[in-house]
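Taking it in order: structure first as structure tokens, then the write-up.
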Amino acid sequence: MPIKTIIEPFRIKSVEPIHWTTRAQRETLLRAAHYNLFLLHSNDVLIDLLTDSGTGAMSTHQWAGIMEGDESYAGSPSFDRFKRSVQDITGYTHVLPTHQGRAAERLLFNVMCKKGDLVPNNTHFDTTRANVEITGAEAVDLVYPEARSPETILPFKGNMDVAALESLIARVGREKIPLVMLTVTNNSGGGQPVSMANAKEVSAVCKAQGIPLYFDACRFAENAWFIKQREPEYQNHTPKQIAQEMFALGDGCTMSAKKDGMANIGGFLCTNDDVLARQEKDLLILTEGYPTYGGLAGRDLEAIAIGLQESLDEDYLRYRIASTAYLGDHIAAEGVPIVQPPGGHAIYLDAAAFLPHIPQDQFPGVALAAELYLEGGIRSVEIGSLMFAAAAKMELVRLAIPRRTYTQSHIDYVVEIILEVWRRRTQIKGLKLTYEAPYLRHFTAHLEPVG
Ligand SMILES: *Cc1c(COP(=O)(O)O)cnc(C)c1O
């Protein structure tokens with residue numbers, strides 16, 4: 001009999017204490033934070049599922065790499081190791097380090113886009129959209145309509161609608177589309193994967209039209225694991241072979257190393273285009289740093305070089321995806337409404353279905369996130385009417401799982417707290433805004449309970 005239990009494929013060498021608070025303390029803390037979890041001090045949070053970005057644990061190998069970091073301004077061997085690791089996986093000619101993913105986006109779109117252009121993507125991440133739009137171009141989301149319904153179960157809900165891409169190109173003309181992007185996995189669409197078949201179709205359309213294809217590659221390793229599990233012809237490929245094959249379909253990528261780079265900071269931009277690379281490097285020097293460090297320390301480059309390879313380890317990916325699904329499956333089995341199927345890096349609670357008695361203008365997602373904190377000191381994030389105002393398509397609460405950070409008993413605890421809140425959901429009240437900033441209001445908003 002094959003062994004069924006999936007365990008954390010690591011043991012713990014260094015620990016970071018987390019802090020219990022009493023319910024009475026949390027009530028006071030939440031009031032002081034105006035019911036906005038961004039305004040809490042992280043010391044007052046027991047399990048922090050606010051984001052999986054930069055919050056993962058590094059390996060002993062990465063920490064050893066940090067000591068090897070060479071901090072030379074130019075020509076550092078740490079850059080050579082970084083570049084070799086990135087090229088080993090992506091195969092792209094030019095590799096530009098940046099301080100985060102959004103810096104790579106800014107360089108790419110500044111060089112490639114102009115006013116009146118359109119950039120199609122399966123779903124733009126918020127910084128990606130903002131960096132497209134600041135150039136005067138329009139960011140167009142082309143995910144399949146079925147993917148927008150939380151309960152529909154499909155293996156590759158992150159896929160791009162290829163017919164919609166073709167008709168967009170036919171309608172506006174190829175010259176208005178400087179590049180097409182594919183986000184793997186589709187973060188804003190629930191952490192849902194993109195299939196190799198879909199990437200091949202998108203690539204074929206782009207090649208036929210002479211349009212470059214770039215990947216937003218933040219979770220390329222998690223996406224590769226889903227392909228291995230769900231596309232039969234890839235079951236005997238390694239995640240690295242799958243990632244290499246996918247990158248070979250495109251002309252470059254942007255990357256946040258705070259996700260599948262397994263680092264606390266960093267990112268990069270890759271391209272095969274010599275002319276673009278020269279322009280991007282000039283901009284990089286202007287605002288980020290010299291092209292062999294790009295705003296990062298040499299030690300960060302070492303951590304990323306090692307982390308990228310570790311993210312493709314099969315034992316790690318099996319545990320990673322299983323632990324996210326474990327949370328989703330255990331609460332869904334008790335009737336808790338979530339975005340199905342569980343994504344790679346996060347579980348999304350459907351707050352509109354969880355709290356149907358709370359109208360949209362009373363922020364059901366914020367009310368649910370506040371309740372998870374009150375009940376068990378868990379921090380999550382609302383992705384709904386507070387974040388997007390009238391543009392909100394769904395009322396979601398995201399529970400993002402940091403990499404290699406929490407154990408199964410932490411997740412069991414989260415399950416217990418969610419189920420407790422689910423049992424007394426009818427007593428939960430909505431909230432009203434008492435202060436809002438003119439933009440990105442969710443970060444700083446103040447709220448209070450209604451009635
Ligand atoms: C996080 C993220 C980015 C931006 O990366 P930062 O390092 O936060 O700047 C871009 N795209 C996707 C899909 C992301 O998840």
* Structure fact -> Expected single match for farther than 23 Å from Glu151 by Cβ and out of contact with any Phe, Trp or Tyr (no Cβ under 9 Å at 6 or more places or on another chain) among Arg403, Arg424 is Arg424
* Could you check, for segment 20-30, whether at least one of its residues is of a type in the set (Val, Ile, Thr) and closer than 16 Å to Ser409 by Cβ? => no
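Yes/no matrix, rows are residues, columns are (1) of a type in the set (Phe, Trp, Tyr); (2) surrounded by 12 or more Cβ atoms within 10 Å (Cβ to Cβ):
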| residue | (1), (2) |
| --- | --- |
| Arg404 | no, yes |
| Ile418 | no, yes |
| Trp422 | yes, yes |
| Arg425 | no, yes |
| Ala437 | no, no |
| Leu447 | no, yes |
* To do: Would you mind stating whether Ser72 is of a type in the set (Ser, Thr, Tyr) and within 16 Å of the ligand (Cβ to nearest atom)?
  => no
* Asked: Scanning for something buried (at least 24 other Cβ atoms within 10 Å of the Cβ), among the small types (Gly, Ala, Ser) and modelled with pLDDT of 95 or more, does segment 135-152 turn up at least one residue?
  -> no
* **Of all residues making up segment 311-333, the number that are among the acidic types (Asp, Glu) and either buried (at least 21 other Cβ atoms within 10 Å of the Cβ) or more than 28 Å from Thr98 (Cα to Cα) (or both)** => 2
* Residues of segment 332-353 being within 17 Å of Thr152 (Cα to Cα) and more than 19 Å from the chain's Cα centre (by Cα), which ones? -> Ala332, Ala333, Gly335, Val336, Pro337, Ala351, Ala352, Ala353
* Hey, can you tell me all the residues within segment 33-91 that are assigned to a helix (DSSP H, G or I) and either modelled with pLDDT under 95 or of a type in the set (Phe, Trp, Tyr) (or both)? => Phe38, Trp63, Phe79, Phe82
* **Among (1) touching a Leu at 6+ places or on another chain (Cβ under 8 Å); (2) under 14 Å from Gln87 (Cα atoms); (3) away from the ligand (no atom under 16 Å from the Cβ); (4) of a type in the set (A, V, I, L, M) - the single one Ala248 does not satisfy** => (1)
* Counting only residues that are within 9 Å of the ligand (Cβ to nearest atom) and in contact with a helix residue (DSSP H, G or I) (Cβ under 6 Å, 6 or more places away or on another chain), which one in segment 116-130 is nearest to Ser167 (Cα to Cα)? -> Thr128
* Out of Glu302, Glu334, report the one residue that is assigned to a loop (DSSP other than H, G, I, E, B) and among the charged types (D, E, K, R). => Glu334
* Asked: If Glu222 satisfies every condition in (1) under 21 Å from Gly101 (Cβ atoms); (2) of a type outside the set (A, V, I, L, M); (3) within 16 Å of the ligand (Cβ to nearest atom); (4) assigned to a loop (DSSP other than H, G, I, E, B) but one, which is the exception?
  -> (4)
* Asked: Does Met246 count as assigned to a helix (DSSP H, G or I), closer than 18 Å to Asp88 by Cβ and either free of Cβ contacts under 8 Å to residues at least 60 places away in the same chain or touching a helix residue (DSSP H, G or I) at 6+ places or on another chain (Cβ under 9 Å) (or both)?
  -> yes
* Asked: Residues of segment 251-289 being part of a loop (DSSP other than H, G, I, E, B), away from the ligand (no atom under 15 Å from the Cβ) and small (Gly, Ala, Ser), which ones?
  -> Gly289
* To do: Examine segment 152-164 for a residue that is farther than 22 Å from Leu107 by Cα, free of Cβ contacts under 8 Å to residues at least 24 places away in the same chain and touching a Ser or Thr at 6+ places or on another chain (Cβ under 7 Å), and state whether such a residue exists.
  => no
* Structure fact -> Scanning segment 36-52 for residues that are under 13 Å from the mean Cα position of the chain (by Cα) and surrounded by fewer than 20 Cβ atoms within 10 Å (Cβ to Cβ) gives Thr51
* Asked: Can you tell me how many residues in segment 156-197 are of a type in the set (S, T, N, Q) and modelled with pLDDT under 95?
  -> 5
* Would you check if Arg230 is closer than 24 Å to His345 by Cβ and buried (at least 24 other Cβ atoms within 10 Å of the Cβ)? => no
* Residue count for segment 423-440, restricted to those that are touching a helix residue (DSSP H, G or I) at 6+ places or on another chain (Cβ under 7 Å) and either part of a helix (DSSP H, G or I) or among the aromatic types (Phe, Trp, Tyr) (or both) -> 1
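The values are calculated or read from the model by the stated rules, or taken from the named source; none is laboratory data. Quantities reported herein were computed from a predicted structural model and do not represent experimental measurements. Neighbour counts are summed over all protein chains in view; Cβ atoms, including those assigned to glycine, are modelled from backbone coordinates with ideal geometry.
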